[in-house]
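Visitor: Submitted below is the structure of interest, expressed as structure tokens.
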Amino acid sequence: MPVRSVHDRTELAGLLARHPALYAYQLGDLDDFFWPYTTWYRRADAVALVYHGGAVPTVLALHPDDGTDQLTDLLHGLAPLLPAHFDAHLSPGAETALHPRFTGHDHGPHLKMALTDPVRLAEARPAGDVLTRADLPDLTGLYATAYPDNWFDPRMLDTGHYVGLRRDGELLAVAGVHVWSPVHRVAALGNVTTHPRARGTGLATAVVAALCRRLADSVDHVTLNVRADNAAARAVYARLGFTVAARYAEHTFTARRP
């Protein structure tokens, strides 16, 4: 079966909705907010997304446990169509399909986590206020200090799903979303950080709890990505009822010279 480009959002949603915790980002990218920045490919039930909305294109190509061969075949066929330089989120082992055409840099193992224990979330003490465009200068200042390598799209403030916590007027912690799709009932948390001098004081737990409760009315699946070696962040999420849904790796690829 050849690789084909897919332009039918209903077709894609039908495939991706089978595993919402794995494909939350892709489901969110079906919305009008992100759709114009996406290109989609399919082979059998394997789906790859090329997202063009950032400074560097990003390829998302993941599979459930029984889809390894299909994803490898898809990436083999897709390789000639990919940009000369891109980032990628790939299921473990899938990167080998790109090695004949690209050199790769592995940024290490990552986890997809999903909120599966609402009882633990209910036990947490939420805190924080909704951030708006008026808070953008303070927010970008916090990211510059506490999370300089994050990916932040200011348009996401317009969702109403960024929660910040201030002390004496200073923004010290924030939790937001990379994806929020009430259409597909999924959200992916992102841009979560705490000012270095306030870490270890429970602020991250409080703002993530507040955000998750805020999302509860509009989505059924709350997910996030985290580095596997980020023990502090994983502890926060586990405390709030998140569990590991899948493993993947982040890479940067550059085309080999002829």
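Visitor: Apply the Karplus curve 6.51 cos²θ - 1.76 cosθ + 1.60, θ = phi - 60°, to the phi angles in segment 245-252 and return the couplings in whole Hz, x for Gly and Pro.
Guide: 9, 6, 10, 8, 10, 9, 9, 10
Visitor: Could I ask something else about it? Hey, if you put +1 on the Cβ of every Lys and Arg and -1 on every Asp and Glu Cβ in the chain, which of Y41, A124, P80 ends up farthest toward the positive end of that dipole?
Guide: Selected residue: A124.
Visitor: Taking the dipole about the Cα centre of the chain, with the C-beta of Lys and Arg at +1 and of Asp and Glu at -1, give me whichever of L139, S218, A24 is farthest to the positive side.
Guide: Going by the Cα projections, it comes out as L139.
Visitor: If you take every residue apart from T254 with its C-beta less than 12 Å away from the C-beta of T254, what net charge results, scoring Lys and Arg +1 and Asp and Glu -1?
Guide: +2
Visitor: Now for a separate question. For segment 117-240, what are Rg and Dmax over the alpha carbons, in angstrom?
Guide: 13.4, 39
Visitor: Between the helical axis of 203-215 and the dominant principal axis of the chain, each derived from Cα atoms, what acute angle in degrees is found, rounded to the nearest 10?
Guide: 70
Visitor: On to the next question. Let me make sure I get this right: for segment 175-258, a, b and c are the square roots of the gyration tensor eigenvalues over alpha carbons, sorted descending. Under 1.5 in a/c it's rounded, otherwise prolate if a/b > b/c, else oblate. Which is it?
Guide: Oblate, because a/c is 1.5 or more while a/b does not exceed b/c.
Visitor: Any idea what the relative contact order of the chain is, in percent, if you count C-alpha pairs under 8 Å spaced at least 6 apart?
Guide: Details: 509 pairs, mean separation 67.1, N = 258.
Over the chain, the number comes to 26 percent.
Visitor: How tilted is helix 136-146 with respect to the longest principal axis of the chain? Cα atoms for both, answer in degrees (0 to 90, nearest 10).
Guide: The two axes meet at around 80 degrees.
Visitor: Calculate how large, on average over all directions, the projected area of the Cα convex hull of segment 1-119 is; give the answer in nm² to one decimal.
Guide: The orientation-averaged projected area of the Cα hull of segment 1-119 comes to 8.4 nm².
Visitor: Still on this structure: Tell me the net charge near A127. Cut-off is 13 Å between Cβ atoms, A127 excluded, with +1 for each Lys or Arg and -1 for each Asp or Glu.
Guide: Net charge around A127: +4.
Visitor: Let me ask something else about it. How many angstrom separate the Cα center of segment 1-71 from the Cα center of segment 169-185?
Guide: What the calculation gives is 22 Å, centre to centre.
Visitor: Please give the net charge around L189, taking every other residue with its beta carbon less than 12 angstrom from that of L189, where Lys and Arg add +1 and Asp and Glu add -1.
Guide: With Lys, Arg at +1 and Asp, Glu at -1, the net is +2.
Visitor: Once phi is turned into θ = phi - 60°, what whole-Hz ³J(HN,Hα) does the Karplus curve with 6.51, -1.76 and 1.60 give for every residue of segment 108-113, x standing for Gly and Pro?
Guide: Computed from phi, the couplings for segment 108-113 are x, x, 10, 10, 9, 10 Hz.
Visitor: Something else now. To the nearest 20 debye, what charge dipole does the chain have about its Cα centre, counting +1 at the Cβ of each Lys and Arg and -1 at the Cβ of each Asp and Glu?
Guide: 340
Visitor: If we sort 48-54, 214-220, 204-210 on the protection proxy, mean other Cβ atoms within 10 Å, highest first, what's the order?
Guide: 204-210, 48-54, 214-220
Visitor: Now for a different question. Give, to the nearest whole percent, the P(r) tail of the chain beyond 34 angstrom, counting all Cα pairs.
Guide: 17
Just so you know, all these numbers are worked out from the coordinates, no wet-lab data involved. In this text the structure is predicted, and so the values were computed from the model without any measurement. All Cβ positions, even for glycine, are placed from backbone atoms using ideal geometry, and neighbour counts span all protein chains on display.
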